[in-house]
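The values are calculated or read from the model by the stated rules, or taken from the named source; none is laboratory data. All of these numbers come straight from a predicted model, not from anything done at the bench. Reconstructed Cβ throughout: ideal geometry from the backbone, glycine too, with neighbour counts over all protein chains shown.
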Amino acid sequence: MRARRTGMPYDAGFPLSTGPGSMPHLVIELTENTRLTCSQEELLDEANAALLSSGQFQEPDIKSRCVTLSTYRQGTENVDRAFVHATLQILDGREQAVRKELGQLVCNAISEMVRPGASAQSVQVSVNVVEMERATYSKQIIGG
Amino acid sequence: MRARRTGMPYDAGFPLSTGPGSMPHLVIELTENTRLTCSQEELLDEANAALLSSGQFQEPDIKSRCVTLSTYRQGTENVDRAFVHATLQILDGREQAVRKELGQLVCNAISEMVRPGASAQSVQVSVNVVEMERATYSKQIIGG
Amino acid sequence: MRARRTGMPYDAGFPLSTGPGSMPHLVIELTENTRLTCSQEELLDEANAALLSSGQFQEPDIKSRCVTLSTYRQGTENVDRAFVHATLQILDGREQAVRKELGQLVCNAISEMVRPGASAQSVQVSVNVVEMERATYSKQIIGG
């Protein structure tokens, strides 16, 4: 399922991008017992589409990755548990409501693709939105 | 060895949790030459027990992982060195003294399990406590 | 090529280090299609030399790692793209101009070692400078 446009306004009067190649950076960590209804590549496709739909970013700049966790531990009890934790890094300057909505877009995109295990396994999905300091951010584009 | 209860008060009057599944998230990076006195899984057990003993978190919400670093470099000289670096991510709102104590709990739990190599290898253990923005944090629990 | 000394003043009157083993921590993520002109180990050598040349850090404390991304997605279109994203974590208290220069040192060191693919592939190189909270940072040195 493709993400819908959310219609968040991109404030053209504020230089929220620092030009091509700036961001966002999305990191999705998954414990290896997490069961998806699609491949990790398709999960990233959905997440990127959701982020693009926000109107906040340029298409080539949305950079996402999945990291599978093979050594993990949730709580202290002997229970089958799984988690998916995403960190969305964006340059600072967006309003809190926009940051919140971006996080929810990613959380929804992931949650739609996660299914609980055959047993009573529950999967915690969380998204942390982190602002990167624009004033000290560096970037360069090689080739292309 | 199990971590002892530290008796840090959990302020029930302040909604420090955002409900089930919120946090903490602990990431422990280890250079692959690090020698532990236990398995990485047992290291995570100890770290989670230490975090639970703080009284700050719900048992099922403590989510930890080890990441082994195979490509790393410490300094510029040709010396045998190792490091373990943990990042503890918690929702914002706790006092600095509590954050500091949480970092020390993790640092102690790790340090007890690390041993220097046979030679003069030294191992740097460090813990960075990071606050996640509560107002924009998203989460969802699937199944369970 | 070795990085040159940049001559940034280290303010000896301000305890910018918290003693041995404190930082910096550099994480370089590379999509696995990124083509370097050297090995990842040599890339880390160059980055560490650049950081040391700043005069801001002690030699043994510069801790760097490469993380190769095997599951990644850039944008939503079907185009050959690559990215390298570095996160430089330093203890707080340095001026913005110093932080910016540290990020640029790393960005330059990386960019010199990245080459575009045989086709029209472009590679986005970016560096995010993150301050770690000094007041709650924990560390310990084992052996040595």
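Side notes on the structure shown:
- Criterion: in contact (Cβ under 8 Å) with a residue 40 or more places away in the chain, in contact with a Pro (Cβ under 8 Å, 6 or more places away or on another chain) and within 30 Å of B:Leu44 (Cα to Cα) - qualifying residue of A:Leu51, A:Leu43, A:Leu88, A:Leu69: A:Leu88
- Filtered residue count, segment A:120-140, keeping only those that are within 7 Å of another protein chain (Cβ to nearest Cβ) and over 15 Å from A:Glu29 (Cα atoms): 11
- Set C:Glu29, C:Glu77: member being of a type outside the set (Gly, Ala, Ser), within 12 Å of chain B (Cβ to nearest Cβ) and surrounded by fewer than 23 Cβ atoms within 10 Å (Cβ to Cβ): C:Glu29
- Scope segment C:86-130; condition acidic (Asp, Glu) and over 19 Å from B:Val130 (Cβ atoms); matching residues: C:Glu95, C:Glu101, C:Glu112
- Any hit, segment B:68-75, residues being over 29 Å from C:Cys66 (Cα atoms), within 15 Å of the chain's Cα centre (by Cα) and at pLDDT 95 or above: no
- Verdict on A:Thr18 being at pLDDT 95 or above and either within 15 Å of the chain's Cα centre (by Cα) or not basic (Lys, Arg) (or both): no
- Looking only at segment B:52-74, residues that are out of contact with any strand residue (DSSP E or B) (no Cβ under 7 Å at 6 or more places or on another chain) and within 14 Å of chain C (Cβ to nearest Cβ) come to 3 in all.
- Answer residue from segment A:98-139, given it is more than 11 Å from the chain's Cα centre (by Cα) and of a type in the set (S, T, N, Q) and is surrounded by the fewest Cβ atoms within 10 Å (Cβ to Cβ) among those: A:Ser119
- Just one of the numbered conditions (1) within 14 Å of chain B (Cβ to nearest Cβ); (2) without any contact (Cβ under 8 Å) to a residue 12 or more places away in the chain; (3) within 11 Å of the chain's Cα centre (by Cα) is not true of A:Glu95: (3).
- Which numbered condition A:Gly143 fails, given (1) on the phi > 0 side of the Ramachandran plot; (2) without any contact (Cβ under 8 Å) to a residue 12 or more places away in the chain; (3) away from chain C (no Cβ under 13 Å): (3)
- Residues in segment A:36-63 that are under 20 Å from A:Gln124 (Cβ atoms) and touching a Lys or Arg at 6+ places or on another chain (Cβ under 6 Å): A:Thr37, A:Leu44.
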